[in-house]
Amino acid sequence: MTEITLKVGGMSCQGCVASVKKLLEGESGVSSVAVDLGQAEAHVCFDPVATDASRLVAILNDAGYPSSL
C-alpha cells in the first residue's frame with residue numbers, strides 16, 4: 001500500500017469534505033481516505049497496482065476540486 005497527501009482546493013464545508021472522500025473512495029484500489037478541511041488535504045492509502053496518484057488528482061480536478069501532490 002502507498003500513502004499520499006493531496007492538496008485539495010475548493011472545499012468550503014463538510015459537504016465538500018464528504019464529496020471528496022466519496023470521490024476518492026470510489027476509485028478501485030483505494031483502501032482509506034481522511035479529508036482535512038482546515039488543512040485542505042486528503043490523506044489517501046491505495047494499492048499502486050490498481051491506481052496511482054496522478055489518477056487520484058485527476059478525479060478531484062475533474063470534479064472541480066483543484067488538486068496536487
* Structure fact -> With label points set 7 Å from each Cα along the Cα-to-Cβ direction at CYS45 and CYS13, the distance between them in nm comes to 3.1
* Size of electric dipole in the chain: Cβ of Lys, Arg +1 and of Asp, Glu -1, about Cα centre, debye, nearest 20 -> 160
* Asked: Under a GNM of the chain (C-alpha, springs under 10 Å), which listed residue has the highest mean-square fluctuation: ALA53, ALA42, ALA18?
  -> ALA18
* Asked: From the phi of every residue in the stretch 56-69, what ³J(HN,Hα) in whole Hz does the Karplus formula 6.51 cos²θ - 1.76 cosθ + 1.60 yield, where θ is phi - 60° and glycine or proline is x?
  -> 5, 4, 4, 4, 5, 4, 5, 8, x, 10, x, 9, 7, 7
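As a check on your grasp of the helix formula, calculate [θ] at 222 nm for the chain: sum -39500 (n - 2.57) over DSSP H runs of n ≥ 4, divide by the residue count, round to the nearest 500.
-9500 deg cm²/dmol
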* To do: May I ask you to compute the full-extension gain from LEU69 to LYS22, defined as 0.36 nm times their residue separation minus their alpha-carbon distance, rounded to one decimal in nm?
  => 15.1 nm
* Take the solvent-accessible surface of the protein heavy atoms, probe 1.4 Å, and return the percent of it on the chain that carbon and sulfur atoms account for. => 51
* Computed lengthening from ASP62 to ALA34, 0.36 nm per intervening residue step minus Cα-Cα distance -> 8.1 nm
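The values are calculated or read from the model by the stated rules, or taken from the named source; none is laboratory data. The structure presented is a predicted model; accordingly, all values stated were derived computationally and were not measured. Cβ sites come from the backbone with ideal geometry, for glycine too, and all protein chains shown count toward neighbours. The accessibility values were calculated without ligands, DNA or RNA, using every heavy atom of the protein model including side chains. Shrake-Rupley method; radii C 1.70, N 1.55, O 1.52, S 1.80 Å.
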